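The values are calculated or read from the model by the stated rules, or taken from the named source; none is laboratory data. Computed from a predicted structure; not experimentally measured. For neighbour counting, all protein chains shown are included, and Cβ atoms are generated from backbone atoms with ideal geometry for every residue, glycine included.
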Amino acid sequence: MISIRQALRLALIAAAGAVYLGLGYLAAASDHPPVIALVVGLAPLGAAALALAWKARARAAALTLCAVGAVAIALHVDQLLSHVAWLFFMQHAGAMALLGIMFGSTLGNGHAQALCSRIARFLLPTPLDAAYLHYTWKVTVAWTAFFFASAVLSVLLFFLAPLAVWSAFANLLTPVLLGVMFAGEYLIRLRALPNREHFSIAQTIQAYRAYARRR
């Protein structure tokens, strides 16, 4: 059971995600996207840049570069608004490709080193046997294929289809497909590994976050 505090936090994260996806859809589908769409689109990149600058050895110089970049963006808002769809496209296709690389890069060092195998070890107190590790390796393969396929489809739709079609895929359909992947994997795991200790989708996400923080 999750606490009220955890439930509120998840609700806030879900609401923020819905706002981001909604604005992303409107920004790509509209000829005149609102300024807030540009702000929201730049927020993830800005947050990542600030985090890297704060951890940099030359912190003052890095933060100064971030400030210069912010001023440059403010001075070219109109130009950026006319190309805001590119911003959301690069974030979507880039994120899918990077996730594909992250999962795929762990496949060649044995079943125990696959990313989903590592995540499972965060959740299960007992050592994983060969059958379980082979299953989690195959799950890693499935996620790798999903992310690369999403990246390729994102590129194809962005350049070959109307922007509204790409935006619907990136901002509306992708979250649904992610949910289907999580739910489908959970149901397959129950059938493929009966009489084993299992963990929920929420626990899987929490374990991945814990794994990412340790890296």
- Task: Go through (1) under 25 Å from the mean Cα position of the chain (by Cα); (2) under 27 Å from F182 (Cα atoms); (3) in contact (Cβ under 8 Å) with a residue 24 or more places away in the chain one by one and return the number of the condition I73 breaks.
- Result: (2)
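So, F182, is that one surrounded by fewer than 18 Cβ atoms within 10 Å (Cβ to Cβ) and without any contact (Cβ under 8 Å) to a residue 60 or more places away in the chain or not?
On the way: surrounded by fewer than 18 Cβ atoms within 10 Å (Cβ to Cβ): yes; without any contact (Cβ under 8 Å) to a residue 60 or more places away in the chain: yes.
For F182, the condition - surrounded by fewer than 18 Cβ atoms within 10 Å (Cβ to Cβ) and without any contact (Cβ under 8 Å) to a residue 60 or more places away in the chain - is met.
Enumerate the helices (runs of 4 or more DSSP H) found wholly within the stretch 1-117, keeping only those where 3 or more residues are at pLDDT 80 or above. Working first, answer last.
Details: elements: 4-29, 35-55, 59-75, 77-81, 84-104.
The qualifying helices (runs of 4 or more DSSP H) are 35-55, 59-75, 84-104.
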- Can V176 be described as surrounded by fewer than 16 Cβ atoms within 10 Å (Cβ to Cβ), closer than 28 Å to A16 by Cα and either out of contact with any Lys or Arg (no Cβ under 6 Å at 6 or more places or on another chain) or touching a residue at least 12 places away in the same chain (Cβ under 8 Å) (or both)? yes
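Touching a Phe, Trp or Tyr at 6+ places or on another chain (Cβ under 8 Å), under 21 Å from G22 (Cα atoms) and surrounded by fewer than 20 Cβ atoms within 10 Å (Cβ to Cβ) - does that describe any residue in the stretch 120-141?
Initially, the stretch 120-141 is screened for residues touching a Phe, Trp or Tyr at 6+ places or on another chain (Cβ under 8 Å), giving 120, 122-124, 140.
Then drop every residue that is not under 21 Å from G22 (Cα atoms), which leaves none.
Within the stretch 120-141 (the criterion being touching a Phe, Trp or Tyr at 6+ places or on another chain (Cβ under 8 Å), under 21 Å from G22 (Cα atoms) and surrounded by fewer than 20 Cβ atoms within 10 Å (Cβ to Cβ)), the answer is no, since none of the residues qualifies.
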- Query: Is there any pair linking a residue in the stretch 41-61 that is of a type in the set (F, W, Y) to one that is at pLDDT 75 or above, with Cβ under 8 Å and at least six apart or on different chains, and which?
  - Reply: W54/A62; W54/L63
- Task: With respect to P162, determine if the residue is within 30 Å of A37 (Cβ to Cβ) and touching a residue at least 40 places away in the same chain (Cβ under 8 Å).
- Result: no
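For the stretch 99-111, indicate whether the set of residues that are under 30 Å from P162 (Cβ atoms) and over 15 Å from the mean Cα position of the chain (by Cα) is non-empty.
We begin by selecting, within the stretch 99-111, every residue under 30 Å from P162 (Cβ atoms); these are 99-101.
Right, trim to over 15 Å from the mean Cα position of the chain (by Cα) and you get none.
No: the stretch 99-111 contains no residue that is under 30 Å from P162 (Cβ atoms) and over 15 Å from the mean Cα position of the chain (by Cα).
Residues checked against (1) modelled with pLDDT under 90; (2) in a loop (DSSP other than H, G, I, E, B); (3) surrounded by 13 or more Cβ atoms within 10 Å (Cβ to Cβ):
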residue: A168; (1), (2), (3): yes, no, yes
residue: L172; (1), (2), (3): yes, no, yes
residue: Y186; (1), (2), (3): yes, no, yes
residue: R189; (1), (2), (3): yes, no, yes
residue: E197; (1), (2), (3): yes, yes, no
residue: A202; (1), (2), (3): yes, no, no
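With respect to S154, is the statement that it is over 28 Å from R196 (Cα atoms) and either small (G, A, S) or out of contact with any helix residue (DSSP H, G or I) (no Cβ under 7 Å at 6 or more places or on another chain) (or both) true? So that I can check it myself, show each step before the final result.
Numbers: over 28 Å from R196 (Cα atoms): yes; either small (G, A, S) or out of contact with any helix residue (DSSP H, G or I) (no Cβ under 7 Å at 6 or more places or on another chain) (or both): yes.
Yes, satisfied.
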